[in-house]
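The values are calculated or read from the model by the stated rules, or taken from the named source; none is laboratory data. Everything numeric in this text was worked out from a predicted model, so none of it was measured. Counting neighbours? That spans all protein chains shown, and the Cβs are built from the backbone with ideal geometry, glycine included. Accessible surface areas use protein heavy atoms only, side chains included; no ligands, DNA or RNA. Shrake-Rupley method; radii C 1.70, N 1.55, O 1.52, S 1.80 Å.
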Amino acid sequence: MAVRSDLNDISSRLDTQTTFYQGVPLSDIYNNSHEQRISRSNDFQNLELNLWQQALQVDPGARYGMSFFSGFRYFRYRDTFEYGAVQAGAEFSDNDPNTQSWYHIRVHNHLIGWQLGGRFQAYVGQRLRFFAVPRAGVFANAITQQQDLCMVIDLHSSKTDVTLLGQIELGAAYQIFDCCSIFASYRAIAVGGVANADDQVARTFTSQPDMA
């Protein structure tokens, strides 16, 4: 997202008056600027290794089915925040470090733990079935963050926390042949205790230990 002003009246809530680049406070760039840009992106990766167990009680009519599983799971969540400003009378395309500034935050969450879950399915006719697959677990979360501001601040910090992760998958499957089926599902994941990039935005840059 970007915003421009020919009146050069775009200002920031960040306190950059005491942060200098080559003797010039960064507030000269972030306040009364010509253009400011902000972006945020995130991505997820998941790896699981589960052991499955069929339910002991089987439906005689073969209309319902249950199975349970337990296993190891690794889940990575990466979040990136980027905020830039350019001084009055300049453009980002100039690529001049004296007239523009960028603030980057990169956060990585590495969740490692054990989960429990199950698969419940109901058959409608001979080929169509609906299923639900809930799962939940407790994870150790190795969190790292990196912040840099206009080649003035380059900060790295890390911590380990406890994270809860729950997931539910709802869907339907259709058996085309004995060894081939198609399915569609919706997956929702709820996770607590992770670090987000926008939560790491510093109000002031006078104390790097506080930023960490």
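Got a number for residues in segment 174-211 being of a type in the set (D, E, K, R) and closer than 19 Å to ARG106 by Cα? Show your work before the answer.
Within segment 174-211, the first condition is being of a type in the set (D, E, K, R), and the residues that meet it are 178, 187, 198-199, 203, 210.
Right, trim to closer than 19 Å to ARG106 by Cα and you get 198-199, 203, 210.
Final tally of qualifying residues: 4.
Restricting attention to segment 146-182, the residues that are over 25 Å from PHE72 (Cα atoms) and either part of a strand (DSSP E or B) or open to solvent by less than 20 Å² (accessible area, probe 1.4 Å) (or both) total 19. Of all residues in segment 89-110, those satisfying the criterion of being in contact (Cβ under 8 Å) with a residue 12 or more places away in the chain and either open to solvent by 50 Å² or more (accessible area, probe 1.4 Å) or under 19 Å from ASP43 (Cβ atoms) (or both) are GLY89, GLU91, PRO97, ASN98, TRP102, HIS104, ILE105, ARG106, VAL107, HIS108, ASN109, HIS110.
The residue pairs whose first member lies in segment 113-124 and is part of a strand (DSSP E or B), whose second member is open to solvent by 80 Å² or more (accessible area, probe 1.4 Å) and not charged (D, E, K, R), and whose beta carbons are closer than 6 Å, counting only pairs six or more residues apart or on different chains, are GLY113/VAL138; GLY118/PHE68; PHE120/MET66; ALA122/TYR64; ALA122/PHE130. Screening ARG63 with (1) open to solvent by 80 Å² or more (accessible area, probe 1.4 Å); (2) of a type in the set (D, E, K, R); (3) free of Cβ contacts under 8 Å to residues at least 60 places away in the same chain gives one miss only, at (3). GLY118 meets the conditions (1) open to solvent by 20 Å² or more (accessible area, probe 1.4 Å); (2) touching a Pro at 6+ places or on another chain (Cβ under 9 Å) in every case but one. The failed one is (1).
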